[in-house]
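Novice: Below are the structure tokens for one structure; questions will follow.
The values are calculated or read from the model by the stated rules, or taken from the named source; none is laboratory data. Keep in mind the model is a prediction, meaning the values are calculated, not measured. So basically every Cβ, Gly included, is an ideal-geometry build from the backbone, and we count neighbours across all protein chains shown.
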Amino acid sequence: MEYRTYKKNGNKVSLLGFGAMRLPTLENGEIDEERAQKLIDLAYDSGVNYYDTAYMYHDGKSQSFLGKALKKYDRESYFITNKMPVWMCDTKEDVDRIFNEQLKLCGVEYFDYYLIHSLDSDKWDKCLEWNVYEYLDEKRKQGIIRNLGFSFHHTPDVLERIVNAKQWDFAQIQLNYLDWEYQDAKTQYEILEKNSIPCIVMEPVHGGALAKLPDEAESVLKEVKPENSIASWAIRYCASFPNVLTVLSGMSTEEQVVDNLKTMTNFEKLSDKEQEVLQQALHIYKSTTLIPCTNCKYCIDCPANVNIPEVFRFYNDYKFNGNPQWLLYNLSTLGDRGSENCVGCGACLEKCPQKINIPEQLSKITELANSLK
Ligand code: SF4
Ligand code: SF4
């Protein structure tokens, strides 16, 4: 197993971190503890020492499972993390209640790494109002939290604000080769690096989307490394950044654990040539999966008043975020300017410099939206 040393505290952290948010489940949705324990044991025996849980994973049950699963191992031989969900707190007092509950649920005296969960601008304002940082900082001083950080889902300017406001030991961001530009993970990573804050990567495979690419894109990768899985490219991409402390993978099957272990044992950074090949695959992925609308608005005077570029923008964003409710909501905001209003007159076809078959794409999106309802 490859390890990264956090200079500030000397922690040797495995480059592969185990995210306990997608553990194997039984038919009734409960964690399949026997199978999940086997995955933890396999990871631990292979050198993984970073285990990540949160208050809401598996309806709160990930915490107690993980605590139990790790109990048989020497407490100093692994790092366990947990997170404060400020959006689940109705009052300031809930922060204290949840934190103490988490220690109990995990059966630990301290958390090695502790994060304020999923910060954005609003949640950060709530933290400031309730002195959440100060509360957790006190726990850090008492040794109940060994390293204090936050996970983040918002824009780089908000990240900069949070980074500059307090003393953080680490931060967790969504980083993968798709979001590098799309979610501006690049700027986020650079902000952390500039401030010497080690970066923990979440969603390296973009929720599984980068584990299976269109055939043409997969061929490009397979030609260079026929024996490597498609997901392993995504993991290696993230792990190749020097300021990354660990790459979290929410593993559900033995196959995924074995594949990730293979990638992170005798880890090799992506070479320049491999980076190039990965960009080629990404280009194919984008061009075959997304509608290449540039929002030039040449088509905006549609006689049926369809807001074509907005429909396409929502569709493309959905291809990235994979959230059907999000797509349905955004399409509904278009009112009578949605894709379903296209009458197929074809007037837009010659106006589109990208040669998009607009009525055909609109019809597909209408069909998709209907199937998601
Ligand atoms: S084909 Fe549809 S989208 Fe294009 S101009 Fe006609 S009604 Fe509008
Ligand atoms: S003309 Fe084509 S590229 Fe331009 S906004 Fe319309 S669909 Fe998009």
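Novice: Among N370, N330, which is closer than 24 Å to Y285 by Cβ and away from ligand 1 (no atom under 16 Å from the Cβ)?
Specialist: N330
Novice: Applying the selection to the stretch 79-93, what residues are over 16 Å from L148 (Cα atoms), part of a helix (DSSP H, G or I) and either modelled with pLDDT of 95 or more or under 25 Å from the mean Cα position of the chain (by Cα) (or both)?
Specialist: W87, M88
Novice: Given (1) among the hydroxyl-bearing types (S, T, Y); (2) in a strand (DSSP E or B); (3) touching a residue at least 40 places away in the same chain (Cβ under 8 Å), identify the lone condition not met by Y114.
Specialist: Just one mismatch for Y114, condition (3).
Novice: If you don't mind, there's one more thing I want to ask. Quick test of your reading of the structure: T288 fulfils all but one of (1) surrounded by 13 or more Cβ atoms within 10 Å (Cβ to Cβ); (2) more than 20 Å from the chain's Cα centre (by Cα); (3) of a type in the set (S, T, N, Q). Name the failing condition by number.
Specialist: (1)
Let's see how each residue does on (1) within 30 Å of V158 (Cα to Cα); (2) at pLDDT below 95; (3) small (G, A, S); (4) surrounded by fewer than 17 Cβ atoms within 10 Å (Cβ to Cβ):
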| residue | (1), (2), (3), (4) |
| --- | --- |
| N195 | yes, no, no, yes |
| I200 | yes, no, no, no |
| G208 | yes, yes, yes, yes |
| S229 | no, no, yes, no |
| N243 | yes, no, no, yes |
| L248 | yes, no, no, no |
| V277 | no, no, no, no |
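Novice: Six or more apart or on different chains, Cβ atoms under 9 Å: show the pairs whose first residue is in the stretch 80-103 and assigned by TED's automatic domain parsing to the domain that holds D125 and closer than 23 Å to Q172 by Cα and whose second is among the basic types (K, R) and in a helix (DSSP H, G or I).
Specialist: Between residues of the stretch 80-103 that are assigned by TED's automatic domain parsing to the domain that holds D125 and closer than 23 Å to Q172 by Cα and residues that are among the basic types (K, R) and in a helix (DSSP H, G or I), the close pairs are V86/K123; V86/K126; W87/K123; W87/K126; C89/R97; C89/K126; F99/K139.
Novice: Quick one: would you say K269 is at pLDDT 95 or above, over 22 Å from G338 (Cβ atoms), charged (D, E, K, R) and in a loop (DSSP other than H, G, I, E, B)?
Specialist: yes
Novice: Please state which of the following conditions T289 fails to meet, knowing it meets all the rest: (1) modelled with pLDDT of 95 or more; (2) touching a helix residue (DSSP H, G or I) at 6+ places or on another chain (Cβ under 7 Å); (3) away from ligand 2 (no atom under 16 Å from the Cβ); (4) among the hydroxyl-bearing types (S, T, Y).
Specialist: (1)
Novice: Anything in the stretch 322-364 that is within 12 Å of ligand 2 (Cβ to nearest atom), at pLDDT 95 or above and in contact with a Phe, Trp or Tyr (Cβ under 8 Å, 6 or more places away or on another chain)? List them, or say none.
Specialist: If the condition is that a residue be within 12 Å of ligand 2 (Cβ to nearest atom), at pLDDT 95 or above and in contact with a Phe, Trp or Tyr (Cβ under 8 Å, 6 or more places away or on another chain), then Q361 is the only one that fits.
Novice: Of the conditions (1) over 18 Å from L15 (Cβ atoms); (2) out of contact with any Lys or Arg (no Cβ under 8 Å at 6 or more places or on another chain); (3) at pLDDT below 95; (4) not hydroxyl-bearing (S, T, Y), W180 satisfies every one except a single condition; which number is it?
Specialist: Answer for W180: the failing condition is (2).
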